[in-house]
Number of protein chains: 2
Amino acid sequence: MARDLRQCLFERNQEAYMEALAEMEDGMDAKHVFSQKAFNEQKMQKVNLFETARMFCDLYCFEPGQEQKTHTHAGADKIYYVLEGRGTFHIGGESRELQEHSIVMAPADVEHGVVNTSGARLVLLVYMAPKP
Amino acid sequence: MARDLRQCLFERNQEAYMEALAEMEDGMDAKHVFSQKAFNEQKMQKVNLFETARMFCDLYCFEPGQEQKTHTHAGADKIYYVLEGRGTFHIGGESRELQEHSIVMAPADVEHGVVNTSGARLVLLVYMAPKP
């Protein structure tokens, strides 16, 4: 039955088919990262993609000028990957602007933060382990 | 002195400037993921981007037809993000083709594998914690 539904959806609209599959709670939990973006004029938004007892994976969505203030996690490493836009990263006392497709790690116990110093939206894929 | 060098490079070539910064061993360890790609006709390649006692982050690079055979990690979660191309993911007995910008988790103790069933190269960003 589910197989027939999938075939039907596939024939009508491949995109809808992929989305329907991704939404099926009993199946593989795949997501299209850009469909998960969420922005708020008040502050940068964190959208959780995956979370277990051992790690989390979020999207961070910044309007121009928004920031994640510099902070530190004891014993947990964070990785930022720039999906869209560019931002200024502060890690361990150094600051650098990173663009789309750049990846950087903020190791455990090292202070880190991000500011969207560009005029466009900034979207990051963020991974941290272990979960704080 | 380093500041002068950076300014000089910046004025001549912004791309070279960014790369020079990324290579500086005493600075922030930022990388451009696509500059790290490596392929081998014999088998899929794993390129480590970051590794700590708690997790690793790799690029997996598949020529058409190459695969990561289905396997399981006890107590460690893996996340696959499709940077380039498309591949067929096997997770927990389900198989699905995922395209660029899709992300999926293989939770701890769940069997998982990837096959590049497309005619083009496949590049994945892979996170795992804790490190096995």
Does region B:47-70 contain any residue that is surrounded by fewer than 18 Cβ atoms within 10 Å (Cβ to Cβ), free of Cβ contacts under 8 Å to residues at least 40 places away in the same chain and either within 11 Å of another protein chain (Cβ to nearest Cβ) or not hydroxyl-bearing (Ser, Thr, Tyr) (or both)? yes
How many residues are over 16 Å from B:Cys61 (Cα atoms) and either more than 12 Å from chain A (Cβ to nearest Cβ) or part of a strand (DSSP E or B) (or both) when one looks only at region B:112-132? 3
Those residues of region B:55-77 which are β-branched (Val, Ile, Thr) and in a strand (DSSP E or B) amount to B:Thr70
I'd like to check something: does region B:99-111 contain any residue that is among the polar types (S, T, N, Q), surrounded by fewer than 20 Cβ atoms within 10 Å (Cβ to Cβ) and within 8 Å of another protein chain (Cβ to nearest Cβ)? yes
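I'm trying to understand the selection: among the residues of region A:86-98, which are closer than 20 Å to B:Leu125 by Cα and either in contact with a helix residue (DSSP H, G or I) (Cβ under 8 Å, 6 or more places away or on another chain) or surrounded by fewer than 19 Cβ atoms within 10 Å (Cβ to Cβ) (or both)?
Hit for region A:86-98 is A:Arg86, nothing else.
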Single condition B:Ala30 does not satisfy, out of (1) small (Gly, Ala, Ser); (2) surrounded by fewer than 19 Cβ atoms within 10 Å (Cβ to Cβ); (3) without any contact (Cβ under 8 Å) to a residue 24 or more places away in the chain: (2)
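Rule-based calculations on the coordinates, nothing more; no lab input. Please read these numbers as outputs of a predicted model, since none were measured by experiment. Every residue, glycine as well, gets a Cβ built from its backbone with ideal geometry; the counts of neighbours run over all protein chains shown.
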